[in-house]
Amino acid sequence: MSYLDYFFVDLYFVNVQTTSEKLTVPWCSQEAQEVPTEQFPCRWNTSYQMHIQVKALLSELSKLNQTLSRTKILHGLVIQNNLSRDPFYATKIVRFYAINNDLVSARNLFDKSPQRSTYLWNSIIRAYAQAHKFSDAFLLFQRMLISETEPDNFTFACVLRACSEWRNVEGLRAVHGKVVVSGLGMEFICDSALVSAYSKIGNVDAASRVFYGIHEPDLVLCNSMISVYGCHGDCTKGLQLFSMMLEMGVSPDGYTVVGLITGLTDPSFIKVGEAIHGFCFKHSFVLNDHVGSVLVSMYSRFKCMDSACRVFNSLVRPDVVIWSSLITGFSQAGNYLKALNFFSQFIINGGKADPVLIASVLAASAQLAVVGPGSEIHGYAVRNGYYMEIMVSTALIDMYAKCGFLELGILVFKTKTNTNIVMYNSMISCLGLYGRASDAFQLFNDMIGGGFSPDETTFCSLLCACCHAGLVNDGREYFKMMKNEFGIRAKTEHYVYMVKLLGMAGELEEAYQLIKSIEEPANSSIWGALLSCCDAHKNYELGEVIAQHLFKNKAEISKYSVMLSNLYAGDERWDAVNQLRVDKGRDIRKIPGITWIGEKAEGFPNCCQHSLQHNLLSCQLITAISSMSWLINDTRRMSGSMPEQLDCGAQGKGDRPEGSRCNETLEYICHN
DNA sequence: TTAGGGTTAG
């Protein structure tokens with residue numbers, strides 16, 4: 001027990017004993033009296049009046065974890081000492097109530113406070129915003145605007161964040177306007193909140209406009225913008241900004257690194273990731289939870305599991321998120337058994353899984369298509385009170401369906417009292433996969449009846465159901481409904497399903513016309529679906545029309561080579577098949593610096609691996625990014641000095657991806 | 001006067 005605990009024991013005792021009388025001096029326990037007086041934060045065991053000490057106590061107590069009972073005692077103390085009119089105390093207590101999720105008490109105190117400082121307003125608005133009661137927070141903000149107290153930087157920052165989490169685009173714009181009108185448009189605190197808020201609602205342009213309108217942004221602002229690029233996968237711009245901030249003399253921190261690494265989504269940027277990792281090491285960045293987690297996640301994304309494990313092993317006490325990064329990494333790399341083994345290890349070591357991790361390992365079990373591990377995890381979720389989490393239920397439905405127990409999935413769905421759109425989509429998709437299209441359609445109707453608005457994924461699931469059951473007319477109807485009734489623009493996945501559906505039914509011409517009606521040029525998935533159908537229906541004439549269209553439009557033929565060669569082979573046009581191989585070879589030889597090491601098309605992956613080992617691809621990629629050479633040189637300089645556990649393949653050994661995404665790497669170079 | 005606060009991870 002600390003002396004403050006002693007204090008609370010005594011105080012509670014005195015509080016119970018006294019009724020309406022003013023508190024004076026709490027008598028400390030015998031045990032507490034043995035603590036030397038000079039160690040006490042305030043001399044409460046002497047005969048001072050309590051209210052003199054409350055201030056010092058509050059200051060001291062705000063450093064401690066606040067329990068609800070402690071907060072109530074403090075609140076009582078403040079009232080009994082006639083201090084509740086002072087907004088300083090009200091602010092403190094409101095914050096303590098908010099920490100303990102007692103919004104009712106916080107609000108009561110706020111409502112009864114006669115004087116409301118900006119601090120007090122901010123604390124109650126923040127309390128609602130952090131509890132995700134966004135409309136209450138916003139209403140309070142609007143009341144504040146017409147009150148005598150003016151909002152400050154922190155009010156706006158809090159409300160902006162709330163708007164973005166609330167996905168309230170209109171509200172966000174309105175608050176932005178108020179920021180400008182208040183003359184706080186150039187304040188860093190408002191601006192960093194604006195940058196992040198616009199990013200969260202997906203408006204990168206607006207975020208950029210705010211950021212680049214600032215003369216000399218500080219570290220947090222730069223971090224916010226780098227994080228925007230990171231979240232939207234634009235690592236090139238993130239790296240450019242990184243260089244810029246270094247030139248401006250702004251020293252990066254953990255937030256910067258996290259933002260940068262988050263943006264590295266394309267495996268061809270592995271060298272850059274390794275360089276940033278080296279940068280962290282060189283500058284003695286502590287691999288804290290966030291940095292460690294994004295590094296593990298990055299290496300996992302690039303399927304470099306040895307490197308991911310090395311980072312993981314170097315962390316002192318990895319938390320559930322980092323375990324989850326690694327476990328999900330194994331799963332995404334296709335090593336589902338290892339993912340489950342690591343999960344067991346996590347639990348055996350005393351770890352407590354959360355809904356995100358549970359959903360992840362359920363997905364791994366689903367991929368194994370064996371119900372045993374999945375049902376055990378189901379039991380774990382129930383025992384730990386996560387059964388009602390939508391994320392867990394959705395993963396359970398999917399797992400049971402993929403393991404052959406659709407009825408169990410339906411049972412999970414039916415026993416849920418609260419559902420959301422993701423869960424409906426999952427259930428519709430599973431029904432569709434089992435060929436139970438009419439049940440999927442019925443569930444869609446129930447969903448609409450329940451007041452849910454369908455999204456892109458809903459229609460993907462519906463069209464998938466139509467494909468599995470061969471229901472062309474229903475597919476046509478849903479495709480029309482998506483646009484006309486719900487204003488959802490068809491994406492690649494929708495077109496692929498429609499083309500497959502029409503194509504399989506022999507409606508090749510209709511599918512072709514559908515593709516031609518797409519505003520943007522159709523990609524290889526869409527054309528590929530139609531080519532496969534032409535092959536299946538032996539419609540070589542249309543196949544040739546499509547091939548000529550692709551050649552004419554300089555499409556990347558390597559993406560179509562399998563489908564086209566099948567088509568030509570079916571038509572016994574061996575010369576055309578051979579031509580495809582030649583064309584493919586000619587394309588690749590155009591790339592400077594790459595040694596062509598195979599005459600066959602199968603040589604592609606080898607070629608890429610060979611180049612990767614010699615850093616040719618990576619160097620071209622990196623030097624394409626301006627001002628990045630220092631980062632590479634930095635890594636080279638220190639490459640001899642990295643300890644073994646952090647030497648994550650920077651010297652080109654170990655676990656490069658097996659050429660799986662190499663064609664994309666090559667295409668990147670071709671276009672740059 | 002005091003106080004709080006803008007940017008990160010699976």
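For the reader, a short list of remarks on this structure follows.
- Any hit, the stretch A:493-504, residues being part of a loop (DSSP other than H, G, I, E, B) and modelled with pLDDT under 95: no
Residues are listed down the side, and each one gets a yes or a no for (1) crowded, with 23+ Cβ neighbours inside 10 Å; (2) on the phi > 0 side of the Ramachandran plot; (3) not in a helix (DSSP H, G or I):
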site: A:His215; (1), (2), (3): no, no, yes
site: A:Ile226; (1), (2), (3): yes, no, no
site: A:Thr236; (1), (2), (3): no, no, no
site: A:Gln240; (1), (2), (3): no, no, no
site: A:Val258; (1), (2), (3): no, no, no
site: A:Glu274; (1), (2), (3): yes, no, no
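- Sole residue being within 14 Å of DNA strand B (Cβ to nearest atom), open to solvent by less than 60 Å² (accessible area, probe 1.4 Å) and either modelled with pLDDT of 95 or more or outside any helix (DSSP H, G or I) (or both), chosen from A:Gln66, A:Gln115: A:Gln66
- Filtered residue count, the stretch A:452-472, keeping only those that are within 15 Å of A:Glu485 (Cβ to Cβ) and assigned to a loop (DSSP other than H, G, I, E, B): 4
- Within the stretch A:485-507, residues that are on the phi > 0 side of the Ramachandran plot sit with their Cβ atoms under 9 Å from residues that are assigned to a helix (DSSP H, G or I), at 6+ positions apart or across chains, in these pairs: A:Gly506/A:Cys533.
- Any hit, the stretch A:259-270, residues being out of contact with any Leu (no Cβ under 9 Å at 6 or more places or on another chain), closer than 20 Å to A:Cys304 by Cβ and hydroxyl-bearing (Ser, Thr, Tyr): yes
- Per the listing A:Val250, A:Val258, A:Val195, A:Val228, the residue uniquely within 29 Å of A:Val296 (Cβ to Cβ), in contact with a Phe, Trp or Tyr (Cβ under 7 Å, 6 or more places away or on another chain) and either within 7 Å of DNA strand B (Cβ to nearest atom) or not polar (S, T, N, Q) (or both) is A:Val195.
- Unique residue being at pLDDT below 50 and in a helix (DSSP H, G or I) when the list is A:Arg586, A:Arg581: A:Arg586
The values are calculated or read from the model by the stated rules, or taken from the named source; none is laboratory data. Owing to the predicted nature of the structure, the values given are computational and were not obtained by experimental measurement. Don't worry about glycine lacking a Cβ; one is built from the backbone with ideal geometry, like all the others, and counts go over all protein chains shown. We work out accessible area using only protein heavy atoms, side chains counted, and drop any ligands, DNA or RNA first. Shrake-Rupley method; radii C 1.70, N 1.55, O 1.52, S 1.80 Å.
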